[in-house]
């Protein structure tokens, strides 16, 4: 996907640090609406470091950061 410009190389590196499950969800997300950038993935990594998240929470994070809305941290 990096070669096809679906996302930047630096975003791909950020994704590689995520759990395999979240990597899979990220891949699904990228195939559906388009691309993600490094800022979005970095934000996702920060939230994941605080604890586990669901796929819908991940989508909310990526959608929220994609359009500039504030990202909500969920109580776990």
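The values are calculated or read from the model by the stated rules, or taken from the named source; none is laboratory data. If you're wondering where the values come from, they're calculated on a predicted model, not measured in any experiment. Virtual Cβ from ideal backbone geometry, glycine too; neighbours counted across all protein chains shown.
Of all residues in the stretch 37-64, those being under 17 Å from residue 19 (Cα atoms) and surrounded by 13 or more Cβ atoms within 10 Å (Cβ to Cβ) number 16. Residue 21 passes every criterion in (1) outside any loop (DSSP other than H, G, I, E, B); (2) surrounded by fewer than 13 Cβ atoms within 10 Å (Cβ to Cβ); (3) modelled with pLDDT under 85 apart from (3).
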